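Read the structure below first, then the notes.
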Amino acid sequence: MSERITVDVLRGRARGLEQQRVRAAARARLFGAEETPTHVGRFVLRRRLGAGAAGVVYAAHDPALRRDVAIKLVVVGAPADAVMLAEARALARVSHPSLLAIYEIGDDGGVPFIATELATGGTLREWLATEPPLARRLEILVAVARGLAEAHRCGLVHRDLKPDNVLLGADGRPRIADFGLAVDFGAVAGDGATPLPGTPAYMAPEQARGEAADPRSDQYAFCVVAHEVLFDARPEPTAPVPAGHPAAAIGAILARGRSPAPAARWPSMDALVEALEARGPRRRRRRWATAAAGLVGAITVGLVAQRAWPTPPAPAPAPTEADLDRALFLEVEPLLLEGRYDECARLLTHRARTDVLRNVWVQCAHASRSTAQLRAACAAWAAASPAPRPPDCAEALLDALALADAGEPRACAERLLAAPPSRPGFVALSRCTAQLGERALYYRQCQYQQRIDDGLPPPTDCGPPP
């Protein structure tokens, strides 16, 4: 009989693995030593991506198959391996472009893990911060709805659909992830007093009451997510969608899917997808194309019958701002993929006209380590956009980079350590502390990183104070 692993032991092993990885990377940066890879099974951990209800997720590399993967270490469960097997088996039952693919399950020193497809585009919630156009939002939602419909056809209910559980790949395609709470239809029900697992803000009323979840429960959660994606806020009964909003008709479709009574919702996710596509821009474009083809045919017949002289072609319409932005992004995209951040920043200078492209300009300028470019990008953002400044434009970060450029790495580090932590700040802090190689600064740098990831953990996580 295999030994049962307690939750506390499992958490300790996973946390120790993370400390080993962070310390090895920090020592390599500070002292120029070769970094010792941290392995889980045959997979080499590279960086932590985040933590969820049942585990910690890392970006990793599979040297055998030469591909990047995501590794999820399962750190809670009763027993923990049952949680891991439940998610792995749920994902293995379905195959769809909008569902995260599973590659392998295993155990490393008593810590269960799952190897899955790596989605590098962030979560749906993070993607919304880039303010994508309405047509693209609807396209993403239809893809998510199709993936959910496929899971239902395979007999699975997700039970915890929310923006944080939808990941985007580098190809822009969404993947539904975190099937750790997925169950067969009606397989799990509460006692009527204890709510089932899930996220309250997206949970269907019957699921919150502890009743068995079914596909209509997922449909309710999807419609809450879709309303948030289209209207940048979760639905409120006292604040209906304005009649003049471009997506008002879609809001009515989603309202039916959020009906308190499951029987009043759409018959299935397939029916909901059909309703969304009927109101979406793609269907309207097809109808217009059909009508335009008929009109062109009628005009051609009339001209031939009358033997009319051909008229000179009309001048091509001037390109719109959206056309110019699309063309500019096509120029920028290969530079991003190849890591040519300096060229990317120079290309976007004075040409970025939307928040999305201005944000790309800021990110490229920061990655290129050009303080002058970063200040120019941040100034353009502040002058043109009412949206909050990105973390790369924080005053503390800009001040610290100026100190680093002036050859004052200690002043740079102290400026960052005195400011609220951020990931761009950590990149700059590593650059400054690496020039000094002091153990005391390494200890403070370690604490700085953990304030980002875990929210002020105990100082012992960084080793003994110097």
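The values are calculated or read from the model by the stated rules, or taken from the named source; none is laboratory data. On a predicted model such as this, the values are computed, not experimentally measured, just so you know. Cβ sites come from the backbone with ideal geometry, for glycine too, and all protein chains shown count toward neighbours. Each accessible area value is taken on the protein alone, full model and side chains, heavy atoms only, with ligands, DNA and RNA left out. Shrake-Rupley method; radii C 1.70, N 1.55, O 1.52, S 1.80 Å.
Of the residues that sit in the range 440-450 and are among the hydroxyl-bearing types (Ser, Thr, Tyr) and crowded, with 20+ Cβ neighbours inside 10 Å, which one is farthest from the chain's Cα centre (by Cα)? Don't jump to the end; show me each part of the working.
We begin by selecting, within the range 440-450, every residue among the hydroxyl-bearing types (Ser, Thr, Tyr); these are 442-443, 448.
If we keep only those that are crowded, with 20+ Cβ neighbours inside 10 Å too, we end up with 442, 448.
Details: TYR442: 30, TYR448: 24 Å.
So the residue we want is TYR442.
Could you tell me whether any residue of the range 170-189 is within 30 Å of PRO390 (Cβ to Cβ), modelled with pLDDT of 90 or more and in a loop (DSSP other than H, G, I, E, B)? So that I can check it myself, show each step before the final result.
Pass one, the range 170-189, residues within 30 Å of PRO390 (Cβ to Cβ): 170-178.
Of the ones still in play, those that are also modelled with pLDDT of 90 or more are 173-176.
Cutting the leftovers down to in a loop (DSSP other than H, G, I, E, B) gives us 173.
Checking the range 170-189: at least one residue is within 30 Å of PRO390 (Cβ to Cβ), modelled with pLDDT of 90 or more and in a loop (DSSP other than H, G, I, E, B).
Name the residues in the range 152-163 that are assigned to a loop (DSSP other than H, G, I, E, B), at pLDDT below 90 and open to solvent by 10 Å² or more (accessible area, probe 1.4 Å), would you?
Here is the first cut: in the range 152-163, the ones assigned to a loop (DSSP other than H, G, I, E, B) are 154-155, 158-162.
Subsequent filtering for residues that are at pLDDT below 90 retains 154-155, 158-160.
CYS154, GLY155, ARG159, ASP160 - these are the residues of the range 152-163 that are assigned to a loop (DSSP other than H, G, I, E, B), at pLDDT below 90 and open to solvent by 10 Å² or more (accessible area, probe 1.4 Å).
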Restricting attention to the range 381-404, which residues are open to solvent by less than 30 Å² (accessible area, probe 1.4 Å) and in a helix (DSSP H, G or I)? TRP381, ASP392, CYS393, ALA396, LEU397, LEU398, ALA400, LEU401, ALA404
Residues of the range 338-358 being within 20 Å of the chain's Cα centre (by Cα) and open to solvent by 40 Å² or more (accessible area, probe 1.4 Å), in sequence order, are VAL356
What pairs come out if I take residues in the range 417-439 that are under 12 Å from ASP399 (Cα atoms) and open to solvent by less than 40 Å² (accessible area, probe 1.4 Å) and pair them with residues that are in a loop (DSSP other than H, G, I, E, B) and modelled with pLDDT of 80 or more whose C-beta lies under 8 Å away, six or more apart or interchain? ALA419/ALA394; GLY425/ALA394; GLY425/ALA419
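Listed here are the residues, each with its yes/no results for (1) under 22 Å from PRO200 (Cα atoms); (2) open to solvent by 20 Å² or more (accessible area, probe 1.4 Å); (3) touching a helix residue (DSSP H, G or I) at 6+ places or on another chain (Cβ under 7 Å).
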{"site": "ASP108", "(1), (2), (3)": "no, yes, no"}
{"site": "GLU117", "(1), (2), (3)": "no, yes, no"}
{"site": "LEU124", "(1), (2), (3)": "yes, no, yes"}
{"site": "ALA129", "(1), (2), (3)": "no, yes, no"}
{"site": "ARG136", "(1), (2), (3)": "no, yes, no"}
{"site": "ASN165", "(1), (2), (3)": "yes, no, no"}
{"site": "GLY169", "(1), (2), (3)": "no, no, no"}
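Determine, yes or no, whether ALA376 is open to solvent by 30 Å² or more (accessible area, probe 1.4 Å), in contact with a Phe, Trp or Tyr (Cβ under 8 Å, 6 or more places away or on another chain) and not polar (S, T, N, Q).
On the way: open to solvent by 30 Å² or more (accessible area, probe 1.4 Å): yes; in contact with a Phe, Trp or Tyr (Cβ under 8 Å, 6 or more places away or on another chain): no; not polar (S, T, N, Q): yes.
So ALA376 does not fit the description; no.
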Regarding LEU49, is this residue in a loop (DSSP other than H, G, I, E, B), at pLDDT 80 or above, open to solvent by 70 Å² or more (accessible area, probe 1.4 Å) and aliphatic (A, V, I, L, M)? no
Within the range 261-295, which residues are at pLDDT 90 or above, open to solvent by less than 100 Å² (accessible area, probe 1.4 Å) and in a loop (DSSP other than H, G, I, E, B)? ALA261, ARG265, TRP266, SER268
